[in-house]
């Protein structure tokens, strides 16, 4: 577990069934049609439950005194003919006001650590090309690459594991 004393105790842990509604509603707050039209169109309760049913070990939440503060949903996959295992960050969101203590980074590195233990060698994430805040965060965490209207970014050798960073 990761704790943050900047705003009281924050715990990053695996999501539980009782967290799913809060994850969905936080996603509704964050992925609005005005700011993120693609994320808004594809965000629904089934996405949250599908990831939880498929890969519960890669569904994490950040919880503090004010309840659910953030989440990350991920999965892994292997490509035919490749010896590499890939990790994919499907969704990540942090409640407004909790971005400054680097909660998104902490959520990501916990996910990366869990995936690296399972043999993941390349991490992939998609975001909207005009989401400057997300792009900056991803670049700081070592992701590279950009494709047309959306951004698909990747990095080899997960940084948290290679550099010994787990917090």
Elements of type strands (runs of 3 or more DSSP E) in segment 48-139, at least 1 residues being free of Cβ contacts under 8 Å to residues at least 12 places away in the same chain: 67-78
Residues satisfying the stated conditions in segment 1-40, i.e. modelled with pLDDT of 65 or more, assigned to a helix (DSSP H, G or I) and more than 17 Å from residue 56 (Cα to Cα): 25, 26, 27, 28, 29, 30
Verdict on residue 87 being closer than 23 Å to residue 16 by Cβ, crowded, with 18+ Cβ neighbours inside 10 Å and touching a strand residue (DSSP E or B) at 6+ places or on another chain (Cβ under 7 Å): yes
Residue check for residue 151: at pLDDT below 80 and either closer than 27 Å to residue 22 by Cα or in contact with a strand residue (DSSP E or B) (Cβ under 8 Å, 6 or more places away or on another chain) (or both): yes
Condition broken by residue 109, with the remaining ones in (1) modelled with pLDDT under 85; (2) surrounded by 15 or more Cβ atoms within 10 Å (Cβ to Cβ); (3) touching a helix residue (DSSP H, G or I) at 6+ places or on another chain (Cβ under 7 Å) satisfied: (1)
Condition check for residue 116: buried (at least 18 other Cβ atoms within 10 Å of the Cβ) and out of contact with any strand residue (DSSP E or B) (no Cβ under 6 Å at 6 or more places or on another chain): yes
Selected residue (criterion: nearest to residue 118 (Cα to Cα)) from residues of segment 64-76 that are modelled with pLDDT of 95 or more and surrounded by fewer than 23 Cβ atoms within 10 Å (Cβ to Cβ): 76
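The values are calculated or read from the model by the stated rules, or taken from the named source; none is laboratory data. Since we're looking at a predicted model, the values are computed, not measured. Reconstructed Cβ throughout: ideal geometry from the backbone, glycine too, with neighbour counts over all protein chains shown.
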